[in-house]
Amino acid sequence: MRTSIRRSQRLMALAAVAALTTGLLAGCADDSDDDSSGNSGGDGSGKGRTTLTIGTFGVFGYKEAGLYDEYMKAHPEINIKENVTTRTDVYWPKVLTRLQAGSGTDDVQAIEIGNITEAVQTQANKFVDLGKEVDKSQWLGWKLAQATTKDGKLIGLGTDIGPMAVCYRKDLFQKAGLPTDRNELAKTWKGDWAKYVDLGKQYMKKAPGGSKFVDSAASIYNAALGGGDQRYYSDDGKVVWDRSDDVKKSWDVAMSVATSDMSAKLKQFDKPWDQGLANGTFATVACPAWMIGYIQQKSGESGKGKWDVAAAPTAANWGGSFIGVPTASRHRKEAIALAKWLTAPEQQAKVFAKQASFPSTPSAYPTLKPAAETTAYFSNAPITQIFSDSAKTIPTQYYGIKDQPINTALTDVGILQVEQRGKSPEQGWNAAKNEIKDVLGQ
């Protein structure tokens, strides 16, 4: 779920992370890192039971929806421990290091959409072929294809997808003299994120309490790019990021935000951004389905009824994940059974009911109902309908092997150079370009 956007840092840190985690390989997968927290679904004792570890990043919703407890109740011989790493750019290098070492992995391992091509093309032999264990027709075809090798091996089962909306603080909109009706707002910016930026200019004329219109230029970049036909690679696997019309258009929209006064200039998923959600520092955020639960958690009780949801300017996908079973799993049979159960349509619907993470299994759609508390939190917005409508017209995008680090270079190097350091858009683009050259070994 997670943004991948969704959670990026400077690429310079990645090598250091990999080096540091090498020393952890002698330990087991449920060790505790500074950036991680281990959470058991039950009492945590695990006495006389097989303990399965599941490594995730961000909030997957399995624990929150009570799935671990439900599974352990039905399988008293199993104890589940979840190891959570907050950021994918910390999580994935650690996983790669452990996969290469053949030890230290969790029994079930999450894979973010930005990393799935790398996993398929370079780590497939390190994962169990789950295609032999499940009915593959349960998943959206494009979701299934992302985790399938050329010779037909399925290394991960789809969890959620990230259909796009816009979440906004209607109390701040009202104070700024803007419409608060979700349908009216959707019509105002329909078809183009540039129209959304135009509304931001109006907001800033009467911005209440020193608030900003949007959290960051990077979030708008990711949202706009998620609605394009092409990302950083062509369909045949060639790097085209600097020639992609969709990338350039998304960059231009982000630059119109970064060079204005409408951005809070926050880096998503850092603590100041979490605090911004709670304090009403910004009025809108590009909002894939998985973001609903995050906002509700971080904005807290004070945000209840103040947030609302409107259709995004364009249908788009941002984020979505998979879970796989490493061949190094110490309890492979039990891990496969758990992975199958967690990603079944019934369980995906339960996670949606808790935090609106949108299922990758279409058979779950007719029965989807967000939790009453979530509906109330977001001003009774028709969340299911908004995300379903977006999901139906999401363009199919090809993710390349270095998709995530290229994206990180553009958002956390290029855009931040402009937004936080006052560099020109050209300087920001060139900074990202140099970083991407390093990523690609050019």
Checklist entry - Considering the chain as a Gaussian network with a 10 Å cut-off on Cα pairs, which listed residue, Gly58, Gly141, Gly276, attains the greatest mean-square fluctuation? => result Gly141
Item to check | Burial order of peptide ranges 406-412, 189-195 (average beta-carbon count within 10 Å, highest first) | outcome: 406-412, 189-195
Item to check | Label-point separation in nm, Gln297 to Thr396, each point 7 Å along Cα→Cβ | outcome: 3.3
Checklist entry - Three principal axis extents, largest first, for the C-alpha atoms of the range 311-434, in Å? => result 49, 46, 26
Next on the checklist: Mean-square fluctuation check for the chain, GNM, Cα pairs under 10 Å: which of Gly131, Gly162, Gly228 is largest?
Outcome noted: Gly131
Checklist entry - Which ³J(HN,Hα) values, rounded to whole Hz and listed in residue order, are derived for the range 145-160 from phi using the Karplus coefficients 6.51, -1.76 and 1.60 in 6.51 cos²θ - 1.76 cosθ + 1.60 with θ = phi - 60°, glycine and proline given as x? => result 4, 4, 9, 10, 6, 4, 8, x, 7, 9, 9, x, 9, x, 9, 10
Checklist entry - Given the alpha-carbon gyration tensor of the range 54-177, what are the semi-axes of its equivalent ellipsoid in whole angstrom, ordered largest first, with each equal to the square root of 5 times an eigenvalue? => result 29, 20, 17
Checklist entry - Sorted by average packing, counted as other Cβ atoms within 10 angstrom per residue and highest first, what order do 367-374, 262-269, 312-319, 246-253 take? => result 312-319, 262-269, 246-253, 367-374
Item to check | Residue-span extension gain [Thr327 to Thr367] - 0.36 nm each, minus C-alpha spacing | outcome: 10.9 nm
Checklist outcome for this item: Under Stokes-Einstein, the chain at 20 °C and 1.002 mPa s, with its Kirkwood radius over C-alpha pairs, diffuses with a coefficient in µm²/s of 98
Next on the checklist: In whole Hz and in residue order, list the ³J(HN,Hα) couplings for the range 76-81 that follow from phi through the Karplus curve 6.51 cos²θ - 1.76 cosθ + 1.60, θ = phi - 60°; x for Gly and Pro.
Outcome noted: x, 7, 10, 10, 10, 10
Checklist entry - So between Gln420 and Gln121, what do we pick up on full extension, going 0.36 nm a residue minus the alpha carbon distance? => result 104.1 nm
Checklist entry - Within the set Lys170/Lys206; Lys187/Lys304; Lys248/Lys433; Lys143/Lys267; Lys170/Lys392, which residue pairs have Cα atoms separated by over 22 Å? => result Lys187/Lys304; Lys143/Lys267; Lys170/Lys392
Item to check | Relative intensity, log₁₀ I(q)/I(0), of the range 165-232 from a Debye sum that treats every alpha carbon as a point, q = 0.12, 0.13 Å⁻¹ | outcome: -0.33, -0.38
Item to check | Sorted peptide list for 289-299, 72-82, criterion being average Cβ within 10 angstrom, highest first | outcome: 289-299, 72-82
Checklist outcome for this item: quick shape note, the range 402-442: Cα extents on principal axes in Å, largest first -> 28, 17, 10
Checklist entry - For the range 100-116, what does the Karplus curve 6.51 cos²θ - 1.76 cosθ + 1.60, with θ = phi - 60°, yield as ³J(HN,Hα) per residue in whole Hz, taken in order and with x for Gly and Pro? => result 5, 6, x, 7, x, 6, 6, 5, 10, 10, 6, 9, 7, 4, x, 10, 5
Checklist entry - Across the range 229-317, how large is the tail of the calculated P(r) beyond 17 Å, expressed as a percent of all Cα pairs? => result 61
Next on the checklist: Kirkwood Rh over alpha-carbon pairs of the range 117-202, then Stokes-Einstein at 37 °C and 0.692 mPa s: what D in µm² s⁻¹, rounded to an integer?
Outcome noted: 199
Next on the checklist: Can you tell me which aspartates and glutamates have their Cα less than 17 Å from the Cα of Lys153? Leave out same-chain residues fewer than eight positions away.
Outcome noted: Glu118, Asp129, Glu133, Asp135
Checklist outcome for this item: Once amide hydrogens are built 1.01 Å from N within the peptide plane, the residues lying 5 or more places from Glu82 or on another chain with amide H under 5 Å from its amide H are Asn39, Ser40, Gly41, Ile54
Checklist entry - Excluding same-chain residues fewer than 8 positions from Lys150, which lysines have a Cα within less than 19 Å of its Cα? => result Lys126, Lys132, Lys136, Lys238, Lys402
Next on the checklist: How charged is the neighbourhood of Leu67? Take every other residue with its Cβ under 14 Å from the Cβ of Leu67, and add Lys/Arg as +1 and Asp/Glu as -1.
Outcome noted: 0
Checklist entry - Which whole-number percent is the relative contact order of the chain (Cα, under 8 Å, 6+ apart)? => result 23
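No value in this document is a laboratory result; all are computed from the given coordinates. Remember, predicted model here, so these are calculated numbers, not experimental data. Reconstructed Cβ throughout: ideal geometry from the backbone, glycine too, with neighbour counts over all protein chains shown.
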